[in-house]
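The values are calculated or read from the model by the stated rules, or taken from the named source; none is laboratory data. Remember, it's a predicted structure, so these values are computed and weren't measured experimentally. Positions of Cβ are backbone-derived with ideal geometry, glycine not excepted, and every protein chain shown enters the neighbour counts. Ligands, DNA and RNA are stripped out before the accessible areas are found, and what is left, the full protein with its side chains, is counted by its heavy atoms. Shrake-Rupley method; radii C 1.70, N 1.55, O 1.52, S 1.80 Å.
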Amino acid sequence: IRLVLYTSGSSGDPAAIGKNLRQLDSEIATLESRFGDSVGDAMVQGTVAHQHIYGLLFRVLWPLAAGRVFACARLEFPEQIAALDPAQPVAMIASPAVLKRLPEALDWSSSRAALRVVFSSGGPLPAETRGDVDHLWGRAVIEVFGSTETGGIATRSSSSDAWQPLP
């Protein structure tokens with residue numbers, strides 16, 4: 001079974017990237033083995049659309065394969081994140097664009113209580129942004145580096161500038 005995904009990559013022109021089920025399953029298994037304990041039974045929420053490979057893998061396929069609850073609707077505004085139910089643990093699948101623009105003026109206390117883990121992918125975060133997320137949300141960001149073509153290849157957390165290869 002083969003899925004065709006489209007990416008603009010660095011050219012800006014859509015390019016078809018074929019992925020077979022074995023490749024997607026391998027990526028999902030890697031995510032679960034590396035981060036599954038951190039996510040635990042948290043509900044998966046995200047700011048990334050499922051049409052993007054990062055959103056498809058992290059917000060839909062991985063939770064389905066792991067038997068986790070996930071939200072169907074995407075969180076589009078910081079106010080939605082700030083209003084998370086503190087009684088419901090959440091694994092946040094965030095985009096760099098959202099993380100770079102978190103308003104300090106919002107009351108983040110509910111989301112601080114709800115957020116169990118925060119992921120980012122789609123481009124490296126500046127150290128300042130990683131520090132801001134840690135300060136506002138009380139969680140270190142786990143960045144996953146990769147592309148539609150390669151899949152996830154490395155990860156780092158807010159506490160380090162060094163990337164660690166994924167298995």
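In the range 82-95 there is at least one residue that is more than 30 Å from ALA16 (Cβ to Cβ) and part of a helix (DSSP H, G or I).
Listed by first and then second residue, the pairs with beta-carbon distance under 6 Å, at least 6 apart or on different chains, first residue in the range 74-92 and touching a residue at least 60 places away in the same chain (Cβ under 8 Å), second surrounded by 17 or more Cβ atoms within 10 Å (Cβ to Cβ) and not in a strand (DSSP E or B), form an empty list.
Among the residues of the range 6-27, the one identified as touching a Leu at 6+ places or on another chain (Cβ under 8 Å) and open to solvent by 70 Å² or more (accessible area, probe 1.4 Å) is LEU21. Scanning the range 127-167 for residues that are in contact with a strand residue (DSSP E or B) (Cβ under 8 Å, 6 or more places away or on another chain), touching a residue at least 12 places away in the same chain (Cβ under 8 Å) and part of a loop (DSSP other than H, G, I, E, B) yields GLY138, ARG139, ALA140, THR148, GLU149, SER158, TRP163, LEU166. Scanning the range 1-27 for residues that are under 11 Å from SER147 (Cβ atoms), of a type in the set (A, V, I, L, M, F, W, C) and in contact with a helix residue (DSSP H, G or I) (Cβ under 8 Å, 6 or more places away or on another chain) yields a total of 1.
Could you look through the range 103-126, keep only residues that are of a type in the set (A, V, I, L, M, F, W, C), crowded, with 18+ Cβ neighbours inside 10 Å and part of a loop (DSSP other than H, G, I, E, B), and pick out the one that is modelled with the highest pLDDT? Once the filter is applied, the top-ranked residue is TRP108. Applying the criterion of being among the small types (Gly, Ala, Ser) and assigned to a helix (DSSP H, G or I) to the residues of the range 32-60, the residue that is farthest from the chain's Cα centre (by Cα) is SER33. The set of residues from the range 67-94 being among the β-branched types (Val, Ile, Thr) and open to solvent by 70 Å² or more (accessible area, probe 1.4 Å) comprises just one member, VAL69. For SER147, the requirement of being at pLDDT below 95, buried (at least 19 other Cβ atoms within 10 Å of the Cβ) and not acidic (Asp, Glu) is not met.
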